[in-house]
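The values are calculated or read from the model by the stated rules, or taken from the named source; none is laboratory data. What you are looking at is a predicted structure, and each value in this text was computed from that prediction instead of being measured. Cβ sites come from the backbone with ideal geometry, for glycine too, and all protein chains shown count toward neighbours. The area values use the complete protein model at the heavy-atom level, side chains included, leaving out ligands, DNA and RNA. Shrake-Rupley method; radii C 1.70, N 1.55, O 1.52, S 1.80 Å.
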Amino acid sequence: MSRAAHQPGNEPPRDCLLDDEQVLNFIARGYHVIDNPFDDSLNAEIDRQCSALESDPGNGILDAVPLLHDVVAHPKVRGPLVSICGKDMAMNHHRHCHTRKPQRFAHNWHTDSAERGATDLRWVLAMYYPHTVTPDMGPTVILPGSQFRSAPNPTLESFANIRGQFAICVPAGTVVIVHPNIWHGAGPNYSGRKRHMLKFLFDRTSPNTEPTWNHDPATADALAERLLSQRVTPMDRGDVQKEAAKRRKVWDMLLGRQIAQV
Amino acid sequence: MIRIMTTPTQPATLTALFDEAEAKLATGTFSADDLRRLRTAACGDASGATSGDGGGGQVRQRLLYLQATSPFIGSELISAIEHAPEPGGCGQLDPTKADLPYQCVHDALADGWHVIHFPQQRLLALEPTTENVGVLGYEFILAKYEVHRDESCRTPARQRTAPRLSA
């Protein structure tokens, strides 16, 4: 468990929280990118230690690479997590160091959650990349806006490249928070080096009774009207309204209008 | 259209084989082996491929899965994946090759692909609910047929499956 992330009263400063537009875009697109907030030396050392691991320690990754505590406890990381999962969000014990060695096989599309189509947003994934990721390095690929689709994983395996997919090719130190039900996979690693992605889960532990981000009631409704109906993936026209309704449920839940099941 | 793969990099067409047969008939050199080759190419009879005569081939199916935004064959494509009929030819997610080969299913038809599976209208009618959104797109499966005469047609097809790996 993180040394700092769960201490009561250890709230991130307001300027680290998301605003309405960022929260609404997260709801619609299913991801939020945090630009590198760390010293380059921290990223480089974590990259070095991950490369030295013989295998993925799974839940023991924080013990194997203790510098990762500084990543998950950073206010620029905690701020978005608190904004999405509530003030008392907690890091789940489940975590991984996913390393893709050079190989010509991709990892097929899949989702990590069995609760397909759910709108309660009980947890999110945070993916940290300690080194710069390029397209030939087997990047994680996500499909923005796919998080509400009731698609069983075997069905997803017949897909390859999908129009609108986002290959997470980012500078070292980037953290990407994603909806647990977003479609994701990884490309082949044609490069000569290992590609690391540190995956952490963060749980909502109580329902929101009020917004936990920088909310502005004066402008939020107009923003919500526009951003909750945005077309993110190329989709059947009949799905547009149904997806907008699901996004609205999440927005209402985060505002505290609708109680989340935790 | 059936493509004739004399070697992995040397395709020919069925028309070319008929042209060759006509030329041989005209000169009186058309043989039983030529007839067997023609039968193999036209009918998919692979017996010639294993008879040791060196003239036959094996008909193989190249597959193309297309996901479209509607069951209409002119609708925009969402996704495409091509599977080549050879070991290691299984298509896969690859962000370094993200361009789709066609804009719509009809473009693929115009390029010689045959549709062998259409979206199931009855199932589509049953699936949607007032609330849920299902899997993305409407799936068409298309095929092209090729005759392979290369060495690999004598070895059993091995389906390579990507191992379970991390994202």
So if R0 is 51 Å, what FRET efficiency would A:D19 and B:F118 give, r being the distance between their Cβ atoms, rounded to the nearest 0.05?
-> 0.65
Compactness of region A:66-123 as Cα Rg over 2.2 N^0.38 Å, two decimals | 1.47
Expected 222 nm ellipticity per residue - DSSP helices of 4 or more, -39500 (n - 2.57), all of chain A, to 500 | -8000 deg cm²/dmol
Determine the residues within region A:157-180 where the difference in accessible area between the chain on its own and the full set of protein chains amounts to at least 50 Å²; count protein heavy atoms only and use a 1.4 Å probe.
-> A:S158, A:F159, A:A160, A:N161, A:R163
Per-selection metrics, chain A (Cα): Rg and Dmax in Å | 17.9, 53
Checked against a 30 Å limit on the C-alpha separation, the offending pairs among A:K199/A:K246; A:K101/B:K144; A:K87/A:K194; A:K199/A:K249 are A:K101/B:K144; A:K87/A:K194
If one takes the accessible area of chain B alone plus chain A alone and subtracts that of the pair, with a 1.4 Å probe, what total in Å², rounded to the nearest 100, results?
-> 3700 Å²
Residues of region A:103-152 with accessible area at least 30 Å² lower in the all-protein-chain context than alone (1.4 Å probe)?
-> A:R104, A:F105, A:A106, A:H107, A:P135, A:R149, A:S150
What are the principal axis extents of the Cα atoms in region A:60-210, in Å, biggest first?
-> 46, 37, 24
Put a dot 7 Å past each Cα toward the Cβ at B:A42 and A:S229; how far apart are the dots in nm?
-> 6.1 nm
Ignoring any ligand, DNA or RNA, what whole percent of the accessible area of region A:1-151 comes from carbon and sulfur when the probe is 1.4 angstrom?
-> 48 percent
